[in-house]
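J.: Handing you this structure, nothing more for now.
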Amino acid sequence: METFIVGVLLSFLVIIAIGIIVLRDLLAAVILLGVYSLIAAGAFVVMDAVDVAFTEAAVGAGISTILYLGALRFTTDRQKPRGHDSLPALLFVVLTGALLIYGTLDMPHYGSATSPAQTHEQVAVRFLEVSGDEVGPPNIVTSVLASYRGYDTLGETVVVFAAGIAVMSLLGLRRRRPQQDISDDERAES
Amino acid sequence: MELLLGVLAWPLAILGMIFLIAGAVGMTRLPDLYTRLHAASVTDTGGTLVIGLVLLLYAVFVYGSAMVAIKLLLIMGFTLFTAPTASHVLAKAALLSGLVPVDGKGEPLLESSEQATQLGRSRPDASSAVQEKR
Amino acid sequence: MRRYPRQSHRVLQVMTRLLVPFMILFGLYVQFHGDYGPGGGFQAGVIIAAGLILYGLVFGIQRARSVCPPSWARVMMSLGVLIYAGTGAVTMLLGAHLLDYDVLAHDPLHGQHWGIFAVELGVGVTVTGVMISLFYGFSSARNSIDRKNSGLPSDVEASSTVEHPQ
Amino acid sequence: MLFSVIAIALLVAMLLTLVRALAGPTAFDRLLAVNSFGTKTVLLIAVAGFLMGRPEFLDIALSYALINFLGTVAVLKYFELPDPDSGHYAEDDY
């Protein structure tokens, strides 16, 4: 049953992705990206990746829509008409896609017990067995992220910080003074 | 106990599924935004509440977990509040931006999009100044 | 379809007033319950920021700014990283490796608990600050393209903007 | 069994909603579809938690129920004329 639900959700993802590519209206594309993250989070939940799903739910549905809309406000919500579809470009894209799909053939199957992540030096087994006594939290994802791989998470936090600084320096950091109080309706009707 | 749970849960679940599918069909088939909104909003909220009730039955009687039940109640409560608000805001924004409602034959029910904008205004005097075309 | 001057949404305002406290409360729950359930600092930060962003969208940026001034958001951005790195520095001062929380309390398990708590708090504070700052940055940056594309007659445009003294 | 049937019904409803999201002539139609899709996803996540016997997953459904609203409001605010500096509403304004 889970496999069936994941399959249906993933095919929804493909449909949405094609829709996003085809649509010229960028606002519609942003709205569809919201659906994309909804479906992705649903699929993650069914695949048991709860923390990933949580991140997708929190970021994809609300914040990323707002950031995309902010970006649209700076530009325009119509995509420029394409010049011409060049055949070599299409061939190149199809070839790259085929190569990528060929690459996935080597990957372990979903949920496979013999995938390298499970078998390599018994890391996963060790985390599952020992982390309760070594670190404590019942949620092993938390203990891996915050304790075993604390350096990584420190780096990620710094990346988020740096990204925030970068965007703010692009958008401008100027302070602004408070406005006089004019009701919006009055202003619109004046 | 099992039997009682089944007797309670199945009819509720079927009702919820009818709500959801009817709403989705209405959203695909109806002619304009306002009718689609009408189809989608009530059935979504109702379907969520009814299916949430089914899940609540299972949370209480099978899992016996108070935390799960509370979270389900919170989900149902938030949906009960946010979904109608979202529908309201959507309809108001559509009116304000001048989207004219149409009837079954595709004829506009208002003369111009300015009238729709006027209808969308929240001030009572502004909306009473407009009467419908027919 | 065209854009329209701002209208106040009474229903939306009432709902937002109801919803925002719950969002922030839920964010705090995710922050401090991440040891036991799904979630952690990142998700919590995003949810708390989402609460404030909803407030700002509905009641206007000016009010959101008075709730959480941009300078606070900027301080939060760096404060979180400081908390995280500071935890590492404290563990080093106590004689262990960087981010080895065992030494933070009398026994290793408690030390780990405190360490994870502090680190997640740092992540949460940074992410909240960054998200709020991004929202402020995007919403307050003025641009001329938007007004050109809005499709409204020019007099409405002119009246819907206030020239603001620099 | 029960949860499987509900999940399948939800997937069918989601497919129909997806059609509207892709076809919707105006942005409002798409937004309506997304909003409704969000409600259905909340349900699907909740049902999936029960289906797998791990109802603790409701945290995610809860966060979606809260945040889905934000996306809708944000897109609707996009249709308003930009007026970032004057976010002022009088208290008794309706």
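J.: What is the Cα centroid distance between the range A:18-35 and the range D:17-78, reported in whole angstrom?
T.: If you average the Cα positions of each part, the centres end up 16 Å apart.
J.: So, one more: Quick one: compute the contact order of chain A, relative version, from alpha carbon pairs under 8 angstrom and 6+ residues apart, as a percent.
T.: Here the relative contact order equals 13 percent.
J.: Continuing with the same structure: On the protein heavy atoms, probe 1.4 angstrom, tell me the percent of accessible surface of the range D:1-68 carried by carbon and sulfur. Write out the running numbers ahead of the final one.
T.: Numbers: 970 of 1390 Å².
Here it works out to 70 percent.
J.: With a 1.4 Å probe on protein heavy atoms only, work out how much accessible surface D and A bury together, total over both chains, in Å² to the nearest 100. Mind dumping the intermediate values first?
T.: Details: alone 7430 and 15410 Å², together 18920 Å².
The buried area between D and A, both sides summed, comes to about 3900 Å².
J.: Let me ask something else. Of all accessible surface on chain A at a 1.4 Å probe, what whole percent is carbon and sulfur?
T.: Carbon plus sulfur share of accessible area: 67 percent.
J.: Okay, next question. Summing -39500 (n - 2.57) over the DSSP H runs of n ≥ 4 in chain D and dividing by its residue number, what mean residue ellipticity at 222 nm do you reach, to the nearest 500 deg cm²/dmol?
T.: -25500 deg cm²/dmol
J.: Output the residues of the range B:2-44 meeting this criterion: accessible area (heavy atoms, 1.4 Å probe) in the chain alone minus accessible area with all protein chains in place is 40 Å² or greater.
T.: B:W10, B:M17, B:L20, B:I21, B:A24, B:M27, B:T28, B:L33, B:R36, B:D44
J.: FRET efficiency for A:V158 and C:L28, Cβ-Cβ distance as r, R0 = 22 Å, nearest 0.05?
T.: Numbers: r = 24 Å, r/R0 = 1.09.
The pair A:V158/C:L28 has a calculated efficiency of 0.40.
J.: A follow-up question, please. Normalised by the residues of chain D, what does the relative contact order come to in percent, with Cα pairs under 8 Å and at least six apart? If you can, show how the numbers build up before the last one.
T.: Values: 61 pairs, mean separation 22.4, N = 94.
Reported relative contact order: 24 percent.
J.: Using the Karplus curve 6.51 cos²θ - 1.76 cosθ + 1.60 with θ = phi - 60°, what ³J(HN,Hα) values do you get for each residue of the range B:83-99, in whole Hz, with x for Gly and Pro?
T.: Along the range B:83-99, the couplings run 5, x, 4, 4, 4, 4, 5, 4, 4, 5, 5, 5, 4, 4, 7, x, 7 Hz.
J.: Counting each DSSP H run of 4 or more residues in chain B as -39500 (n - 2.57), what helix-only mean residue ellipticity at 222 nm follows after dividing by all residues, to the nearest 500 deg cm²/dmol?
T.: Details: 5 runs with 98 residues, N = 134.
Calculated mean residue ellipticity at 222 nm is -25000 deg cm²/dmol.
J.: Moving to a separate point now. Between chains D and C, what is the buried accessible area summed over both chains (1.4 Å probe, protein heavy atoms, nearest 100 Å²)?
T.: Values: alone 7430 and 11250 Å², together 15270 Å².
Buried area (both sides, nearest 100 Å²): 3400 Å².
J.: Let me ask something additional. Measure out, as a whole number of angstrom, how far apart the alpha-carbon centroids of the range C:44-103 and the range B:1-77 sit.
T.: One Cα centre to the other: 38 Å.
J.: Chain pair B, D: how much accessible area is buried, both chains summed, with a 1.4 Å probe, in Å² to 100? Mind showing how you got there, number by number?
T.: Values: alone 8950 and 7430 Å², together 12540 Å².
Answer for the B-D pair: about 3800 Å² buried.
J.: How much accessible area per residue does the protein assembly as shown have, in Å², with a 1.4 Å probe? Spell out each step's value before the answer.
T.: Values: 26270 Å² over 584 residues.
I get 45 Å² per residue for this part.
J.: For n ≥ 4 DSSP H runs only, could you compute -39500 (n - 2.57) per run for chain A, divide by its residues and tell me the 222 nm figure to the nearest 500?
T.: On the way: 10 runs with 125 residues, N = 190.
My calculation for chain A gives -20500 deg cm²/dmol from helical runs alone.
J.: HN-Hα J couplings of the range C:62-73 from phi, Karplus 6.51/-1.76/1.60, θ = phi - 60°, integer Hz, Gly and Pro as x?
T.: Those phi angles translate into 4, 5, 4, 5, 6, 6, 9, x, x, 5, 4, 4 Hz.
J.: If you don't mind, there's one more thing I want to ask. Expected output is a single nm value to one decimal: the length gained when fully extending between A:D48 and A:K80, i.e. 0.36 nm times separation in residues minus the C-alpha distance. What is it? Show your work: numbers first, answer last.
T.: Working: separation 32, 0.36 × 32 = 11.52 nm, distance 4.05 nm.
Gain on stretching A:D48 to A:K80: 7.5 nm.
J.: Please report the spacing between the Cα centers of the range A:127-155 and the range C:10-24 in Å, no decimals.
T.: 36 Å
J.: Under a crude label model (7 Å from the Cα following the beta-carbon direction), how far is B:L109 from B:M1 in nanometres?
T.: Once both label points are built, they end up 5.2 nm from each other.
The values are calculated or read from the model by the stated rules, or taken from the named source; none is laboratory data. If you're wondering where the values come from, they're calculated on a predicted model, not measured in any experiment. FYI the Cβ positions are ideal-geometry reconstructions off the backbone, even for glycines, and counts take in every protein chain you see. To get the accessible areas, we keep the full protein, side chains included, count just its heavy atoms, and leave off ligands, DNA and RNA. Shrake-Rupley method; radii C 1.70, N 1.55, O 1.52, S 1.80 Å.
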